[in-house]
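Below is one structure. I have some questions about it.
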Amino acid sequence: MHFYDVAHIVATHGLKGEVNVVLVTDFPEERFAPGSKLTLKEDNKRVLTVVNGRPFKKGWLIQFAEVSDIDQAEQLKGQTLVISEDEQHDLPAGTYYYRDILGCTVIDNLTGANLGKVTEIASPGANDVWQITEESGNEYLIPYIDDVVKKIDVPAKQIYVELMAGLRDED
């Protein structure tokens, strides 16, 4: 069974065992709702039950039923909270998990030429930006917008694009 990261525990908060987490999920309201079960990746797949979760600064504060004081919370620092593949959402059409996109071969929609592979994804603003690494090691960025990305074939791990002038050094 595959597990996927949803948060990294970075600090304790208060004396009653709350932890501060950095999010790796787009669904914090559901993941950290009371009664939700999360698994500790590094602690022999120990399961924790959320009592309370709320936004805090750039992350979330979470209280677990199994953690009642700061000493217990301190032992969780540096660990990763995960969910199983079965607990993941089905995404709407045209929406993808990063793992679906990373590693895909990028193909020129007009010529069929291999343009490289998606090696990194960033979300700096209104749309994601994909880093493409060519076989030669050269890297360039493309925006994930309809004008550029024409088709994504997740099962085949292929993405068809029409690059605008200036997106690659040779254009």
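The values are calculated or read from the model by the stated rules, or taken from the named source; none is laboratory data. Please read these numbers as outputs of a predicted model, since none were measured by experiment. Neighbour counts are summed over all protein chains in view; Cβ atoms, including those assigned to glycine, are modelled from backbone coordinates with ideal geometry.
Look at THR105 and say whether it is of a type in the set (S, T, N, Q) and either crowded, with 16+ Cβ neighbours inside 10 Å or in contact (Cβ under 8 Å) with a residue 12 or more places away in the chain (or both).
Here the answer is yes, as THR105 does meet what is asked.
If a residue must be out of contact with any strand residue (DSSP E or B) (no Cβ under 6 Å at 6 or more places or on another chain) and of a type outside the set (A, V, I, L, M), how many such residues does region 35-48 contain?
Residues meeting the conditions: 4.
I'm trying to understand the selection: among the residues of region 145-169, which are free of Cβ contacts under 8 Å to residues at least 24 places away in the same chain, closer than 16 Å to ILE101 by Cα and surrounded by 13 or more Cβ atoms within 10 Å (Cβ to Cβ)?
Once the filter is applied, which keeps residues that are free of Cβ contacts under 8 Å to residues at least 24 places away in the same chain, closer than 16 Å to ILE101 by Cα and surrounded by 13 or more Cβ atoms within 10 Å (Cβ to Cβ), region 145-169 yields VAL148, VAL149.
Select from region 124-145 the residues that are part of a loop (DSSP other than H, G, I, E, B), out of contact with any helix residue (DSSP H, G or I) (no Cβ under 9 Å at 6 or more places or on another chain) and closer than 15 Å to ILE107 by Cα and list them in ascending order.
Of everything in region 124-145, those that are part of a loop (DSSP other than H, G, I, E, B), out of contact with any helix residue (DSSP H, G or I) (no Cβ under 9 Å at 6 or more places or on another chain) and closer than 15 Å to ILE107 by Cα turn out to be GLU134, GLU135.
Quick one: ASP26 ticks every box in (1) in a loop (DSSP other than H, G, I, E, B); (2) touching a strand residue (DSSP E or B) at 6+ places or on another chain (Cβ under 6 Å); (3) of a type in the set (D, E, K, R); (4) within 28 Å of LEU163 (Cβ to Cβ) except a single one, so which number is it?
All conditions are met except number (2).
Then there is this: For residues that are within 12 Å of the chain's Cα centre (by Cα), modelled with pLDDT under 90 and aliphatic (A, V, I, L, M), tally how many sit in region 81-120.
0
Next up: Can you find a residue that is touching a Lys or Arg at 6+ places or on another chain (Cβ under 6 Å) and not in a strand (DSSP E or B) anywhere in region 104-120? Don't jump to the end; show me each part of the working.
So in region 104-120, the residues touching a Lys or Arg at 6+ places or on another chain (Cβ under 6 Å) come out as 104-105, 109.
Keeping just the survivors that are not in a strand (DSSP E or B) gives 104, 109.
Yes.
How about region 1-25: which of its residues are farther than 19 Å from ILE70 by Cα and surrounded by fewer than 13 Cβ atoms within 10 Å (Cβ to Cβ)?
MET1, HIS2
Of all strands (runs of 3 or more DSSP E) completely enclosed by region 32-72, which ones contain at least 1 residues that are touching a His at 6+ places or on another chain (Cβ under 8 Å), modelled with pLDDT of 95 or more and exposed (fewer than 14 other Cβ atoms within 10 Å of the Cβ)?
Working: elements: 37-40, 47-56, 59-64.
No strands (runs of 3 or more DSSP E) qualify here.
Among VAL22, VAL6, which is the only one that is under 30 Å from ILE145 (Cβ atoms) and in contact with a helix residue (DSSP H, G or I) (Cβ under 7 Å, 6 or more places away or on another chain)?
Working: VAL22 fails: in contact with a helix residue (DSSP H, G or I) (Cβ under 7 Å, 6 or more places away or on another chain).
Answer to the selection: VAL6.
Residue by residue through region 1-47, note down the ones that are of a type in the set (Ser, Thr, Tyr) and under 24 Å from ASP100 (Cα atoms). Show your work before the answer.
First, pick out the residues of region 1-47 that are of a type in the set (Ser, Thr, Tyr): 4, 12, 25, 36, 39.
Matches in region 1-47: TYR4, THR25, THR39.
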